[in-house]
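Participant: Next up is a structure, given as structure tokens.
The values are calculated or read from the model by the stated rules, or taken from the named source; none is laboratory data. Computed from a predicted structure; not experimentally measured. Quick reminder, even Gly has a Cβ in these numbers, built from the backbone with ideal geometry, and neighbours come from all protein chains shown. Side chains are part of the model used for accessible areas, which takes the heavy atoms of the whole protein and leaves out ligands, DNA and RNA. Shrake-Rupley method; radii C 1.70, N 1.55, O 1.52, S 1.80 Å.
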Amino acid sequence: MEATFHIGIVGLGSKGLFGFERLLANLKSIKFASIEIHLFNATNLFATGWIYDPKQPDYLKMNYPNIYISLEPPKEPPALIKILSFSQWQANKYKTSAEEVDYAIASRKEVGAYFHHYFTKLCASSPKNIKIHKHLAKVLSIQNIDEKYSVQTDRKNWKSPCFSSLLITTGHSPSISSKLQKPYPKQDNIPFIYPVNEKLNFILPNASIACKGMGLTAIDAILALTEGRGGEFDSKNKQEWKYEKSGKEPLKIYPFSISGIPIVPRNPHPSGPQKSYLFKRYINSFDSQLKVFDFEKELLPVIKQDMVGEYYFQVFKNYGKNLYLDQPFEEVKEEIHEFHNLYPLEKEFKATDLLYPKFNPKKLNSELLEYWKMWLEELERKDSPLVAAAGTWKNLSGDFNTLYSNNRLTANSKAKFTKTYFSLFNRVSYGPPIQNIKKMLALADRDILEFTLAKNPNVEEVNGKNYLTLNHNRVSFDVLLDARIPRGYDKNSEVLFTEKKSETIFRFHTSMLNFNFADTLMIDKNGNPLDEKGIPNLNICLYGTPTEGVLFDNDTLSRKRNDTASLWAQKVSELIKK
């Protein structure tokens, strides 16, 4: 009797779906072997996860246009079935052209429907010698068994086969699970907001809400408590939307964060070509590929130079002039200085203006709202220098990822980047669609949304009442939402990577540990876990969020960035062919 090869994918959200597609593509030519693919997911949302749940509310939107969404494979071999891009799939659905919908912003549920459509087709089209098992189960631990692996799940009486290879695409789930295992005794604390209909449902109308976080997750929470409760936005005036109350929304929502700086809305127009290559030239100027950089001392100054270069290239262009960015930056500065001598009324730009805008603490609410209005005006222009500067990080993030994933940052500066600069650059370059900012302004206009205490207020309880306090301003609140996506996990929590039975497979970088908190697994740049001698385990591969700390910028829907799944699927095919 021929042996059966068991292959497992742990976590079947979008990344799990990408890995599943690559696995089938690599295995389709193997006709002689009996293969069983086991797909594990903690919920019934196979291929979508909670992020792209096809049943979630329509107002939860994507943060970038349709043109950047596709299940089409990035590499050979071709997919098992014909797969359309999301734009083409939508165009067929709505009987229009892909060009018409390329730069539209879809709801996340529509993207989920797209993923589920092709997941169903892939399952139905698998070769006869490949069986697919969908396990509605949470994987608790993984154990070595004679060079193969067994998995323990939360399903009682389920017996694990011996797996030849595993792909682990658990996303943020271990971090979320770790956070939710901490005691939150008070009903008025919500440590995680998703799914919004379930987690925020108990909040009463006219309650006062303190919202920890001012990013994409906070916007989801705010919309769930307003539009999600029957409120309506009127967009007839494209410049200034209006909000009609339902009477079921909170009385007040007070968002806040450590920096107190609002997120920058995303550019709705196609990005133009990169103009400033100072960062690329700088890192390529070193002969040794082993050169290790200090992020703050060596790389950040050059990133700021690229921001200045992109800004002034557009300014010069607007004046009918050319700024030559191939020359050393000192000479670029000279040209900029001469420009300002000619045009003294043109405001000088520094990268810190973009990264760290300053607000008057006494006028925090009005100035933060004006900041958003300013960005909406800039984004209406196709010749905005500020928008050009904000796109810098997207332009150079690929080069930075190469340094990051090849351990070419010092350990301390890598940790500092992760803690401080990762969220900073995300705030500037990867914000929400402009319609969501227009909604926030409409809510502020109705006095529902207020930023008076946005910059790192004290959260305190006095005589049984909850308060936010900042600069002699004090407001009471009924519910505290933590509207942030957690990262890392407590080493003592019960998650897959910290489980004692998984200890022989997963280890943590000691330099990245903060006592009992773990945020970086020991893996190579192909996503393979490393043993105590630094030898990679080629039969287990991590993909997406679990690789963070070693790989950078694991865009949920990118099939090219940090694509560890393609190589894994290829290795599985080679293993079976032996």
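Participant: Can you confirm whether residue 359 is in contact with a helix residue (DSSP H, G or I) (Cβ under 6 Å, 6 or more places away or on another chain), of a type outside the set (A, V, I, L, M) and without any contact (Cβ under 8 Å) to a residue 60 or more places away in the chain?
Facilitator: Spelling it out, it is not the case that residue 359 is in contact with a helix residue (DSSP H, G or I) (Cβ under 6 Å, 6 or more places away or on another chain), of a type outside the set (A, V, I, L, M) and without any contact (Cβ under 8 Å) to a residue 60 or more places away in the chain.
Participant: State which residue is nearest to residue 201 (Cα to Cα) when the search covers only the range 15-62 and only residues that are open to solvent by 10 Å² or more (accessible area, probe 1.4 Å) and small (Gly, Ala, Ser).
Facilitator: Ranking the qualifying residues of the range 15-62, first place goes to 49.
Participant: Please give the number of the condition residue 252 fails out of (1) open to solvent by 50 Å² or more (accessible area, probe 1.4 Å); (2) over 26 Å from the mean Cα position of the chain (by Cα).
Facilitator: (1)
Participant: Another question, if that's okay. Going through 263, 258 one at a time, which residue ends up being surrounded by fewer than 19 Cβ atoms within 10 Å (Cβ to Cβ) and of a type in the set (Val, Ile, Thr)?
Facilitator: 258 is the lone residue from the list that is surrounded by fewer than 19 Cβ atoms within 10 Å (Cβ to Cβ) and of a type in the set (Val, Ile, Thr).
Participant: Shifting gears a bit: Those residues that are within 21 Å of residue 177 (Cβ to Cβ), assigned to a strand (DSSP E or B) and open to solvent by less than 40 Å² (accessible area, probe 1.4 Å), I need them from the range 461-499; list them, please.
Facilitator: Across the range 461-499, the qualifying residues are 480, 481, 482, 489.
Participant: Shifting gears a bit: Between a residue in the range 406-417 that is over 16 Å from residue 525 (Cα atoms) and any residue that is open to solvent by less than 20 Å² (accessible area, probe 1.4 Å) and not aromatic (Phe, Trp, Tyr), which pairs come within a Cβ distance under 7 Å, given they are 6 or more apart or on different chains?
Facilitator: These pairs meet every condition: 417/409.
Participant: Follow-up. For the range 314-336, give me the residue count where each residue is closer than 17 Å to residue 280 by Cα and either open to solvent by 30 Å² or more (accessible area, probe 1.4 Å) or touching a His at 6+ places or on another chain (Cβ under 8 Å) (or both).
Facilitator: So the answer is 6.
Participant: Could I ask something else about it? One residue is enough: does the range 277-299 have a residue meeting the conditions out of contact with any strand residue (DSSP E or B) (no Cβ under 6 Å at 6 or more places or on another chain), buried (at least 19 other Cβ atoms within 10 Å of the Cβ) and farther than 23 Å from residue 352 by Cβ?
Facilitator: no
Participant: Sticking with this structure for a sec: What pairs come out if I take residues in the range 153-179 that are closer than 14 Å to residue 12 by Cβ and pair them with residues that are assigned to a helix (DSSP H, G or I) and among the aliphatic types (A, V, I, L, M) whose C-beta lies under 7 Å away, six or more apart or interchain?
Facilitator: The qualifying pairs are 167/565.
Participant: Within 30 Å of residue 428 (Cα to Cα), among the small types (Gly, Ala, Ser) and either open to solvent by less than 30 Å² (accessible area, probe 1.4 Å) or touching a helix residue (DSSP H, G or I) at 6+ places or on another chain (Cβ under 7 Å) (or both), is that true of residue 91?
Facilitator: Answer is no for this residue.
Participant: Looking at the range 63-77 only, could you name the residues that are open to solvent by less than 70 Å² (accessible area, probe 1.4 Å), without any contact (Cβ under 8 Å) to a residue 60 or more places away in the chain and in a loop (DSSP other than H, G, I, E, B)?
Facilitator: Hit for the range 63-77 is 77, nothing else.
Participant: Condition (residue is over 29 Å from residue 225 (Cβ atoms) and either open to solvent by 50 Å² or more (accessible area, probe 1.4 Å) or modelled with pLDDT of 90 or more (or both)) applied to the range 548-560: is it met by at least one residue?
Facilitator: Checked against the condition, which is being over 29 Å from residue 225 (Cβ atoms) and either open to solvent by 50 Å² or more (accessible area, probe 1.4 Å) or modelled with pLDDT of 90 or more (or both), the range 548-560 yields at least one hit.
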